[in-house]
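Coordinate-derived values only; no laboratory data. These figures come from a predicted structure and were not determined experimentally. Note that we place each Cβ from the backbone using ideal geometry, even for glycine, and neighbour counts take in every protein chain shown.
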Amino acid sequence: MSGYDYDLITIGAGSGGVRASRLAASFGAKVAVVERSALGGTCVNLGCIPKKLLAYAAHFHDDFEDAAGYGWTVPTPSFEWSRLIQAKDAELTRLNGVYQRILENAGCTLIRGTARLVDPHTVEVDGRRLTAANILVVTGSRPRVPAIPGGELGVTSDQMFHLPALPERVVISGGGYIAVEFAGILAGLGTHVTLVHRGHAVLRGFDEDIRQALGAAMVARGIDLRLDTTVDALRKEGEAVISTLSDGTEVAADLNLCAVGRVPNTRGLGLDEVGVKLDEAGAVVVDEDFRTSQPSIYALGDVINRVTLTPVALAEAIAFANTVFNGNEQLVDYTNIPSAVFSHPPIGTVGLTEAAATAQHGPVDVYESRFNPLKNTLGGRVERTYMKLIVHPKTDRVLGCHMMGPDAPEILQGMAVALKCGATKRQLDSTVGIHPTAAEEFVTMRTKRG
Ligand code: NDP
């Protein structure tokens, strides 16, 4: 070591920070990790994990409804929000402990407090100065709060995980991942949901057919979907929060959830002062090795605002640790990143949308399938699954794969491997299906869309 207290100081113990620190330590680096809040970051505490636990809770609604068709007599189910939140919190506390042990077992020093950069090699944590050869900024992101009149009356996803009670009526602004996921969770638990989105369909950036299919499924599930509309103001009337919409209508609810994107956590870190460049969105600018404009300072994950997904932060952390502490430069491949939306029904996607594929390659072959899943037959539910393959007409390469329906995220993980390996449509066709599943549709689609 070179006269510094540490080889690496990591600011932020979220998914990316913990993975990078643990790996760097395994390569022999002396590592300190600074965190002021719960270990595990957004994913563990206010994102992926609690969101999915809440989504599981909401799915029981369908299961109770469908059980009768399978011969079950289910007494009228009742739901207690406080028990769900308690159980969820107990699981998160367990996970916080897991993250602490991961860091301890790796030999990292955990420092509790708020970090601020003093110079390119010095971090101050609540008055205490620590030096390091390298500093990694992995401070994540936070919900964006729009500047509308009464905006402070709204809540963000952060508060949704600790509401004192399940609200009866909610207005959600936004049409991205968080908006549609909470719409499904809340509607499944019995809340009346109005989702207000400025676009013509939810989930901009996803394949248009998937966007339309999810919109229709949300409406069929009783969600009041207001498209091409924005929430322009909030005000309080008694206990109710009134949302004034751009079409002049007003919607009264118990709360307004604002889910209009997230912003990188770069404020108050002293980045500017030590010469770390930020872009116009406030994200840290890095090169392909995650080095900032200040050579001893690196950043990755949500704070660089490239692809703000936990598994991408993990991939970036692995590449960073290998490059900087293992003498083995690794670059992250950002192509064919699969993702899922845990909406009701869920979505899984990998590769290009039809529009993007057409723009890049000209006319493409499209294969699609719409069907009511077998489980729905006796359950009496009608909710069609939608699956779509986009294929290059000359090379036969599968360019995109999209699905909305039960288990879509689970199914798409395997399809992501296929696309990563450069699978062709012919190879999918020659794969034997697993019967009876929905997944087998991906290897049995024979007819091109006309
Ligand atoms: P998204 O970027 O996904 O969506 C933001 C939504 O807000 C869009 O519908 C956008 O509309 C709308 N919006 C933005 N600005 C305004 C505005 N001024 N007025 C009205 N509407 C506006 O953000 P989220 O907050 O939903 O999620 C943040 C990120 O977290 C995601 O992008 C994703 O990377 C990650 N995430 C991933 C999940 C998963 O993997 N399952 C789950 C949850 C989050 P428009 O489309 O027109 O821009």
Which value, in debye to the nearest 20, describes the size of the charge dipole of the stretch 112-255 about its Cα centre when Lys and Arg Cβ atoms bear +1, Asp and Glu Cβ atoms bear -1, and nothing else is charged? 500 debye
Among Ala340, Val364, Thr353, whose Cα projects farthest towards the positive end of the dipole of the stretch 312-450, with charges put on the beta-carbon of Lys, Arg (+1) and Asp, Glu (-1)? Val364
Do you know the relative contact order of the stretch 274-344, to the nearest whole percent, from alpha carbon pairs under 8 angstrom that are 6+ apart? 21 percent
Write down the Kirkwood hydrodynamic radius of the chain, to one decimal in angstroms, obtained as one divided by the mean of 1/r over all alpha carbon pairs. 23.9 Å
Relative contact order, percent, of the chain when contacts are C-alpha pairs under 8 Å separated by at least 6 residues? 15 percent
Using a Gaussian network model of the chain whose springs link C-alpha atoms within less than 10 Å, name the residue from Gly71, Gly17, Gly301 with the highest mean-square fluctuation. Gly71
Run through every distinct alpha carbon pair of the stretch 103-191 and return the Kirkwood hydrodynamic radius in angstroms, one decimal place. 17.2 Å
Mind checking the dipole of the chain: about its Cα centre, +1 per Lys or Arg Cβ, -1 per Asp or Glu Cβ, Debye to the nearest 20? 520 debye
What's the local net charge at Ala58, with K and R +1, D and E -1, over the other residues with C-beta under 13 Å away? 0
With both bridge residues required to lie in the stretch 1-148, what share of the DSSP beta bridges run antiparallel, to the nearest 5%? 35 percent
Distant-in-sequence amide H partners of Gly270 (H built 1.01 Å from N, under 5 Å): Leu117
Neighbour net charge for Gly222 - beta-carbon separation under 15 angstrom, K R +1, D E -1: -1
Dipole of the chain, positive direction: furthest Cα of Pro311, His200, Leu255, with charges on the beta-carbon: Pro311
Using alpha-carbon positions, what is the distance between the centroids of the stretch 223-298 and the stretch 119-136, in Å? 29 Å
Please identify, among Arg128, Arg112, Arg370, the residue showing maximal mean-square fluctuation in a Gaussian network model of the chain using a 10 angstrom Cα cutoff. Arg128
Cross-link partners among lysines for Lys420, C-alpha distance below 20 Å, same-chain residues fewer than 8 apart left out? Lys388, Lys394
Taking a ≥ b ≥ c as the square roots of the eigenvalues of the Cα gyration tensor of the stretch 257-340, is the shape rounded (a/c under 1.5), prolate (a/b larger than b/c) or oblate? oblate
Using alpha-carbon positions, the gyration tensor of the stretch 4-155 gives root eigenvalues a ≥ b ≥ c; with a/c under 1.5 called rounded, otherwise prolate if a/b exceeds b/c, else oblate, the class is prolate
Please build a GNM for the chain, connecting alpha carbons under 10 Å apart, and tell me which residue among Leu84, Leu374, Leu257 fluctuates the most. Leu374
